[in-house]
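In what follows, a structure is listed as structure tokens, so that the remarks can point back to it.
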Amino acid sequence: MNTTKDDHSSLPQLRYKKGDLIIKEGDYGLSIYKVIQGKVQIFTESDSVEIPLATLTAGEVIGEMILLDRDISQRAASVRALEDSILEVWHPSMLSNEYKEMPSMLKYIADQALNRLVRMNKVIAKLTRKQQQNAMLKRKDPWSPQRRFYRKQVDLPFVAEGIDSNQKDRFTGSIKDISLSGAGLEIGSKKLAFPLQLDEIIVINTTLPNKKEISVTAQIISINQGKSPGTLLLGVSFTELSPRASKDLGFFLLPA
């Protein structure tokens, strides 16, 4: 960062290289900055993750909240240069008289606009954190973004058969958890008359605790050894669910 004086202004100008941190969230400071050249990003941090709030270019101002509340001196967000940038530095005292002399109606409008900006930044940060949490859940569980109801832990007997083979072999087991988008199945490996494979399509028939019989077509997406000897755990994703089955299963999955 370098400090220079512009030929057409007595105000100091700061020069930042791409990637330089201009303001650090939580630090104390009173200066207001005008972007003269370049591009900067305002962001906040949550759990060590940066959440972008705005990108500013030439002519836009950083730190204007000092005009709304003179007691504010701790930075509410961080600012970083996205490219080589020049910022003009203003001290609040330069603007205090002009602000005080503003007509009451204009001052009220300015205060409302700044207050609204603060609330919007908080909403953006909250929504971004939610999106990041959903993305983390998606990486841990590919079914979670598709859920419209909570996945329930159950112990439902089922009968299933493959549809991609000529054998039409059936196998039985227990559904251990279920949602509108998939289920976890436990089966006895010794009872299988044919080997199961990833991506295989099967039809599952079961009866819900509310006595509703459902039949769903599903794809096997995971095969793992079960906790008990001689058992397998299958993860299946539903590929076809009739409107009636979807309705019956949906009512069952509604939170109690």
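Only the coordinates and a few stated rules stand behind these numbers; no lab work does. Bear in mind that the values here come from a model prediction, so they are computed numbers and not experimental data. So basically every Cβ, Gly included, is an ideal-geometry build from the backbone, and we count neighbours across all protein chains shown.
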Take the residue pairs Lys190/Lys247; Lys190/Lys211; Lys24/Lys100; Lys152/Lys212 and return only those whose Cα atoms are more than 23 Å apart. Lys190/Lys247; Lys190/Lys211; Lys24/Lys100
Quick one: grab Rg to one decimal and Dmax as a whole number for segment 184-255, Cα atoms only, in Å. 13.5, 38
Exposure proxy check: Thr172, Thr217, Thr206 ranked by fewest other beta carbons within 10 Å? Thr172, Thr217, Thr206
